[in-house]
Amino acid sequence: MKYLLFIFVMLWSNIAFGQKTPKLPEFISHLVVKGTKVDAYDRTKKNFAHFFAIAISFDAEGKIDTLYFSSKLNPETKKIYELDNSLLKRIRMHNFNFKEYSSKIVLFSCYCYRITDRSIDYETGFLNSVANLIPEAVHGRSLILLKPIVDASLPREIN
């Protein structure tokens, strides 16, 4: 019985006081989706694909320090996904340490489109998004490139 009580106390303390650090791509993807403006996405043209990258700079402790976006990022994409300082504020609210990325810069791309679209309209600027994917602030610097995030589930309810 005392072992059962000990296990219960250990589990409760882990839930109450411990917070497991998530994997970086899932964490960032979740926060990007949470910041998405659904009504703006609903007004997006058919076959318009959003393709953007986020470069993330970490401090020595592994905390997210700075976010970099391309200055040539499509304004529609920037508006829909709130790719600005509000994303950094949402990230810092969680206070996670990603020790494996301490003092490094990580780059990952996001490709988002409507599940009902069957093609990409290249006249919407998609190729410009690809050509200007890497933020200018990190050109020539050593980067860790993570697997792209592909999201075909928008629009959807955001909680």
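The values are calculated or read from the model by the stated rules, or taken from the named source; none is laboratory data. Here the structure is a predicted model, which is why all the values come from computation and not from measurement. Cβ atoms come from the backbone with ideal geometry, glycine included; neighbour counts cover every protein chain shown. These area figures cover heavy atoms from the full protein model, side chains too; ligands, DNA and RNA do not enter into them. Shrake-Rupley method; radii C 1.70, N 1.55, O 1.52, S 1.80 Å.
For the reader, a short list of remarks on this structure follows.
- All told, Phe108 falls short of being under 17 Å from the mean Cα position of the chain (by Cα) and at pLDDT 90 or above.
- For Asp65, the stated conditions hold: it is without any contact (Cβ under 8 Å) to a residue 12 or more places away in the chain and closer than 19 Å to Glu136 by Cβ.
- Candidates Lys89, Lys79: the one that is free of Cβ contacts under 8 Å to residues at least 24 places away in the same chain and basic (Lys, Arg) is Lys89.
- Scanning the range 24-79 for residues being buried (at least 20 other Cβ atoms within 10 Å of the Cβ), farther than 20 Å from Val106 by Cβ and touching a Pro at 6+ places or on another chain (Cβ under 7 Å) gives a total of 1.
- Of the listed requirements (1) within 17 Å of the chain's Cα centre (by Cα); (2) at pLDDT 85 or above; (3) open to solvent by less than 50 Å² (accessible area, probe 1.4 Å), Ile134 misses just one: (3).
- Residues satisfying the stated conditions in the range 94-113, i.e. open to solvent by less than 40 Å² (accessible area, probe 1.4 Å) and not small (Gly, Ala, Ser): Phe96, Phe98, Tyr101, Ile105, Val106, Leu107, Phe108, Cys110, Cys112
- Test: residue in the range 116-131 that is charged (D, E, K, R), open to solvent by less than 50 Å² (accessible area, probe 1.4 Å) and touching a residue at least 60 places away in the same chain (Cβ under 8 Å): yes
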